[in-house]
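Scroll down for the structure; my scribbles are underneath it.
The values are calculated or read from the model by the stated rules, or taken from the named source; none is laboratory data. Treat the numbers as computed from the prediction; the structure is a model and nothing was measured. Glycine also receives a Cβ, built like all others from the backbone with ideal geometry; neighbour counts cover every protein chain displayed. Heavy atoms of the whole protein, side chains included, go into the accessibility calculation; ligands, DNA and RNA do not. Shrake-Rupley method; radii C 1.70, N 1.55, O 1.52, S 1.80 Å.
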Amino acid sequence: MEASSIGIVISVSRSAAHTFSKETAKSIKLLAGLGVEGDAHMGTTVKHRSRVAQNPDQPNLRQVHLIHSELFDEVRNDGFHVEPGQMGENITTRGIELLGLPTGTKLYIGESAIVELTGLRNPCAQIDRFQQGLLNAVLDRTEDGELIRKAGVMGIVLTGGDVHVGDTILAELPPEPHRPLERV
């Protein structure tokens, strides 16, 4: 495996209920094909409430939500205060440019877990209910007007395992041509 980037897990979180923020923990268990043990989004079919309303039988491409803690630094400069788990992520990272990775990237986390990136989190109005104005802070536009979603990435669990604060994350890029992450 040739790693394209290396990062670290700075926090892990889960919530058994469909809450916006998730409670931090010392570790979480990833289950192959399902997601985070004990998390409301765990399962083979979609669990996100708006997507369940559209089609409850679609595959769950949002088993694990990862956010780069550098986003918290960025929004802090805009006057917001966000801590790990508060934006609903399961794994908070540092040192790995999640948003720049292509679809299909495999993240090797800790001793055994492997998560395959499926797409970008599409931030919604719940973010503004958490902190008014935060939605605009996690969205941006390119020079040609294309929307940039900065609220993290989603993935599926290929290989289960325990994920602990301090674990290393290695990214393995898929074969070319690379496809950029799109909202999922």
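Just give me the residues in region 57-106 being polar (S, T, N, Q), under 14 Å from ILE169 (Cβ atoms) and touching a Pro at 6+ places or on another chain (Cβ under 9 Å), in sequence order. Give the derivation first.
Narrowing region 57-106 to residues polar (S, T, N, Q): 58, 60, 63, 69, 77, 86, 90, 92-93, 103, 105.
Those left that are additionally under 14 Å from ILE169 (Cβ atoms): 69, 90, 92-93, 105.
Once the filter is applied, which keeps residues that are polar (S, T, N, Q), under 14 Å from ILE169 (Cβ atoms) and touching a Pro at 6+ places or on another chain (Cβ under 9 Å), region 57-106 yields SER69, THR92, THR105.
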TODO: May I ask you to list the residues in region 102-111 that are open to solvent by less than 60 Å² (accessible area, probe 1.4 Å) and either farther than 25 Å from ARG179 by Cα or modelled with pLDDT under 95 (or both)?
DONE: GLY110
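Can you tell me how many residues within region 125-138 are open to solvent by less than 50 Å² (accessible area, probe 1.4 Å) and more than 21 Å from GLU70 (Cβ to Cβ)?
1
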- [ ] Would you check if GLY38 is touching a residue at least 60 places away in the same chain (Cβ under 8 Å) and surrounded by 13 or more Cβ atoms within 10 Å (Cβ to Cβ)?
- [x] no
Task: Top-ranked residue in region 1-24 [being surrounded by 18 or more Cβ atoms within 10 Å (Cβ to Cβ) and small (Gly, Ala, Ser); ranked as farthest from ALA171 (Cα to Cα)] - done: SER15
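Can you name every one of the strands (runs of 3 or more DSSP E) wholly within region 112-184 that holds 2 or more residues which are in contact (Cβ under 8 Å) with a residue 12 or more places away in the chain and within 28 Å of GLU37 (Cα to Cα)?
Details: elements: 113-120, 139-141, 147-149, 153-159, 161-164, 168-172.
Strands (runs of 3 or more DSSP E) meeting the threshold: 113-120, 153-159, 161-164, 168-172.
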- [ ] Exactly one condition in (1) touching a residue at least 24 places away in the same chain (Cβ under 8 Å); (2) within 16 Å of ILE6 (Cβ to Cβ) is not met by GLY100; state its number.
- [x] (1)
Open item on the list: I'm checking my understanding of the structure. Among residues of region 139-184 that are modelled with pLDDT of 95 or more and among the small types (Gly, Ala, Ser), which one is most open to solvent (accessible area, probe 1.4 Å)?
Closed with: GLY166
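Just to be sure I understand, how many residues within region 44-101 are of a type in the set (A, V, I, L, M), assigned to a loop (DSSP other than H, G, I, E, B) and either closer than 25 Å to ILE114 by Cα or at pLDDT below 95 (or both)?
First pass over region 44-101, keeping only residues of a type in the set (A, V, I, L, M): 46, 52-53, 61, 64, 66-67, 71, 75, 82, 87, 91, 96, 98-99, 101.
Next cut, assigned to a loop (DSSP other than H, G, I, E, B) only: 46, 61, 82, 87, 96, 101.
Next cut, either closer than 25 Å to ILE114 by Cα or at pLDDT below 95 (or both) only: 46, 61, 87, 96, 101.
So the answer is 5.
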